Structure formats: structure tokens, C-alpha cells
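Below is one structure, written out as C-alpha cells, with a few remarks after it.
Here, each number is a calculation from the coordinates, and none is a lab measurement. Bear in mind that the values here come from a model prediction, so they are computed numbers and not experimental data. All Cβ positions, even for glycine, are placed from backbone atoms using ideal geometry, and neighbour counts span all protein chains on display.
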Amino acid sequence: MASSQDDLQYQIRILPGVSRTFAITIPVLPDSLAVVVSNAYLLCRIADTIEDDSALDQEQKSKFHRLFILVVEGSYDAKSFANELSPLLSSDVLTDELDLVENTARIIRVTHSFSVREQAALIRCVTVMCSGMPKFQRNKSLSGLGDLGQLQEYCYVVAGVVGEMLTELFCVYCSELEEKRDKMMKLAVSFGQALQMTNILKDMWDDRRLGTCWLPRSVFSGSKVEFQTLDQFRDTQVFRDGMDELIGIAYRHMREGLEYTCHIPTKEVGMRRFCSWALGLAVLTLRKIHANPSYTSAEQVKISRKAVKATVFTTNLFLGNNRVLRLLFNLGSGRLPLIVKSVD
């Protein structure tokens with residue numbers, strides 16, 4: 001069943017309200033691919049809204065995550081799902097997120113207009129997120145995660161699986177990628193982890209003010225750093241050493257993300273641009289974090305509009321040249337620490 005033009009227009013209209021970043025990057029993809037990726041992001045946003053809502057208890061969240069998987073699969077009515085969920089959401093939920101939930105049926109009609117393979121990729125992503133994300137979100141605290149293995153698992157269920165989904169969608173769109181699919185799937189997980197770790201580090205102090213910490217305690221083991229009062233150790237060397245290790249791991253994953261991008265055929269300008277912009281902005285964010293170890297909020301390590309424009313312009317200029325892209329990436333990375341050995 002083909003989706004109506006109204007549903008597609010709604011999808012375009014709501015995206016900027018729930019993600020300014022993806023509203024900028026998704027449209028650079030080829031038109032047909034952009035429609036699928038936009039839809040995939042909106043599905044993930046609905047799953048996140050369920051998990052993040054303060055008015056829902058754990059039993060309700062589990063119920064609606066299970067129902068949402070069924071909705072995406074096509075075995076539960078999307079309108080019934082929205083009618084059940086919407087009235088229960090907190091008054092704190094963003095207006096556009098509430099609107100998205102209320103219009104779940106529109107998003108699902110678009111989902112069900114895709115090919116069988118595309119739908120399978122979206123269903124798998126939503127299933128992994130709705131099944132794995134609660135394990136971490138419902139046990140979050142200022143104590144952080146136990147070790148790097150838990151950090152890797154968390155990054156996978158919220159970002160790595162998205163990288164795998166994107167790879168599958170890229171392969172559907174570009175048949176030349178099929179022979180590289182297995183290798184790109186592995187690199188896609190690193191790509192996702194790089195971006196997620198960058199967000200974790202950027203937002204760490206803002207998250208802590210909300211009672212959450214995603215840093216792994218094992219990185220700071222052997223020191224006197226207490227995670228419950230982490231802000232008191234911000235200016236110590238042991239804290240900076242731990243942060244350098246996390247930055248170095250994120251940077252290693254970022255380099256693998258660059259190789260992921262370089263595997264995309266040079267003629268696929270939109271896909272290469274989509275990936276290059278994300279990497280370029282992430283590496284600049286890591287540089288700001290590394291240069292300002294005493295930062296206290298995400299705002300203090302935010303990239304300037306001038307830097308964003310320069311990154312977009314430069315990557316666009318050399319998008320088709322892998323050698324130059326690698327050179328630009330190395331230059332843009334500055335003196336970031338690099339953890340080469342796999343520690344996660």
C-alpha cells in the first residue's frame with residue numbers, strides 16, 4: 001500500500017521539531033533514501049519518548065515498548081496504540097514529541113510502504129532498541145556504568161544498531177555496497193559508538209544534574225574518584241587521565257567511522273556527505289572537550305556556527321577523494337589521544 005502524500009508531508013514537517021541535527025543532515029541523502037531514514041529516525045524517537053517519559057512507570061513503559069514493536073511489525077493497530085499512550089504522557093513532554101506520538105499511524109503508514117527488506121531493517125532496529133534500552137535507562141544513576149563492556153553494550157542498543165540499520169538501507173539503495181556489506185556492518189557499529197560516546201562526554205555534566213551518568217567506573221578504578229561526587233574531582237589528574245582514555249576510545253571508533261565513509265562509492269555524494277558531516281562535527285566536539293577539561297556544561301564545548309559551516313564547506317569540497325578526506329580528518333583531529341588497543 002502506497003503512503004499518501006499527506007503522510008510524507010507530515011513526516012517532513014515534524015522532523016525539525018524532534019531533531020534539529022537530523023533535519024539538517026537527512027535531506028542531503030538521495031530523496032528516496034531520505035524518506036526511509038527520516039521514517040526510521042521518527043520511529044526511534046517514539047521509542048525514546050516512551051522510555052524518557054516521567055509519568056509512565058516501568059510496567060507501562062514495558063507494555064508500550066512491546067506494543068510499539070507490534071505496531072511497527074504491522075500486527076497491532078497504530079491508532080489504538082497512540083490513543084492509549086498519548087493521554088498517559090507527562091505534561092513535560094515536548095509539544096512536537098506529543099504530536100508525533102498522536103500521529104503514529106501516519107508514520108507507520110509510511111513505514112509499511114517500504115520494501116520488505118527496508119521494513120525488516122527498521123523492525124530489527126526498533127526491536128533491539130525497545131528491548132535493550134530499558135535495561136540501562138531504568139537503572140541509570142550517578143554511579144555510572146560498571147565498565148567499558150557495559151558502555152559498549154549501551155552504545156550499541158542506542159546507536160550501533162542504528163548504524164547497522166543505515167548500512168542495510170544504504171545497501172538497498174546502492175547495490176555496489178552489497179559486496180562490502182559484512183565489513184561495513186562491523187564499521188557501522190564503531191561509527192555509532194563514536195557518535196554516542198561523543199554525546200555522552202559532551203552532555204555528562206548536564207546529565208548528572210538530571211541524576212544520570214553514563215561514564216564507566218572501571219576507567220577510573222584505582223583512583224580516589226567517587227562517582228557520586230564526581231564534580232569535586234573535575235580538576236584532578238586522575239579524572240583527566242580517565243577522560244583522555246574515553247576520548248581516545250571514541251577517537252579510535254571515529255577513525256573506523258571514517259573508513260566506513262570511504263567504503264561508500266564516490267558517486268554517492270549524499271551518503272558520503274551525511275556520514276562526513278556527522279564525523280567532522282563529532283571530532284571538533286571531541287577536540288573542544290579535550291582542550292577544556294574543566295568544562296561544566298555542554299554549552300561550553302558547543303561548536304560555533306562558523307566551525308560548522310567551515311566543516312560542511314571543506315568536506316563537501318573534497319567529498320570524492322578518500323585520501324584528502326583522511327588527511328582532513330587527521331588535521332581536524334589535532335592532538336586527540338588515540339587508544340589503538342581494543343579495550344572495550
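A few notes on this one:
- Amide H contacts for Arg234 (H built 1.01 Å from N in the peptide plane; partners 5 or more residues away or on another chain; cut-off under 5 Å): none found.
- With a simple spin-label model that places each label point 7 Å from the Cα along the Cα-to-Cβ direction, the separation between Gln9 and Asn83 comes to 2.6 nm.
- Straight Cα distances below 18 angstrom link Lys302 to the lysines Lys202, Lys288, with same-chain residues fewer than 8 positions distant left out.
- Based on alpha-carbon atoms, the Kirkwood radius and the radius of gyration of region 53-189 give Rg/Rh equal to 1.01.
- Highest mean packing first, where packing is the average number of other Cβ atoms within 10 Å per residue, the peptides 204-211, 52-59 line up as 204-211, 52-59.
- Distance from the C-alpha centroid of region 145-206 to that of region 22-76: 17 Å, rounded to the whole angstrom.
- Contact order for the chain, expressed relative to its length and based on alpha carbon pairs under 8 Å spaced 6+ residues apart, stands at 17 percent.
- Along each principal axis, taking the top coordinate minus the bottom one, the Cα set of region 1-115 gives 40, 30, 19 Å in descending order.
- Those residues of region 17-59 whose amide nitrogen sits under 18 Å from the label point placed on Asn321, 7 Å along Cα→Cβ: none
- Karplus-derived 3J(HN,Hα), 6.51/-1.76/1.60, for each residue of region 105-111, Hz, glycine and proline x: 4, 5, 5, 5, 4, 5, 3
- Computed on the Cα trace of region 121-206, the radius of gyration divided by the Kirkwood hydrodynamic radius gives Rg/Rh = 1.04.
- Exposure proxy for Ile12, Ile264, Ile69: other Cβ atoms within 10 Å of each Cβ, ordered fewest to most, give Ile12, Ile69, Ile264.
- Region 107-132-region 269-344 distance, computed between alpha-carbon centres (Å): 30 Å
- Dipole axis of the chain (+1 Lys, Arg; -1 Asp, Glu on Cβ), positive-most option in Leu89, Gln58, Ser113: Ser113
- Hz values of 3J(HN,Hα) by residue in region 235-248 - Karplus curve (6.51, -1.76, 1.60), Gly and Pro given as x: 9, 8, 5, 5, 5, 5, 4, x, 5, 4, 5, 5, 4, x
- Label point at Asp96 placed 7 Å out along Cα→Cβ; residues across region 34-60 whose backbone nitrogen lies under 15 Å: 38-39, 41-46, 49
- Neighbour-count ranking [beta-carbon atoms within 10 angstrom, fewest first] of Ser297, Ser38: Ser297, Ser38
- The mean of 1/r over all pairs of different alpha-carbon atoms in region 34-93, once inverted, gives a Kirkwood hydrodynamic radius of 12.0 Å.
- If the segment from Asp241 to Ser75 were pulled out straight at 0.36 nm per residue, it would be longer than the present Cα-Cα gap by 54.7 nm.
- Extended-chain gain in nm, criterion 0.36 nm per residue less alpha-carbon gap, Ala23 and Thr212: 65.3 nm
- Length-normalised contact order of region 1-142 in % [C-alpha pairs under 8 Å, at least 6 apart]: 33 percent
- Radius of gyration over Kirkwood radius for region 140-344, both on Cα atoms: the Rg/Rh ratio is 0.98.
- Alpha carbon Rg of the chain, scaled by the compact-globule rule 2.2 N^0.38 Å: 0.99
- From its DSSP helices (H runs of at least four residues, each -39,500 (n - 2.57)), the chain gives a residue-normalised ellipticity at 222 nm of -22000 deg cm²/dmol.
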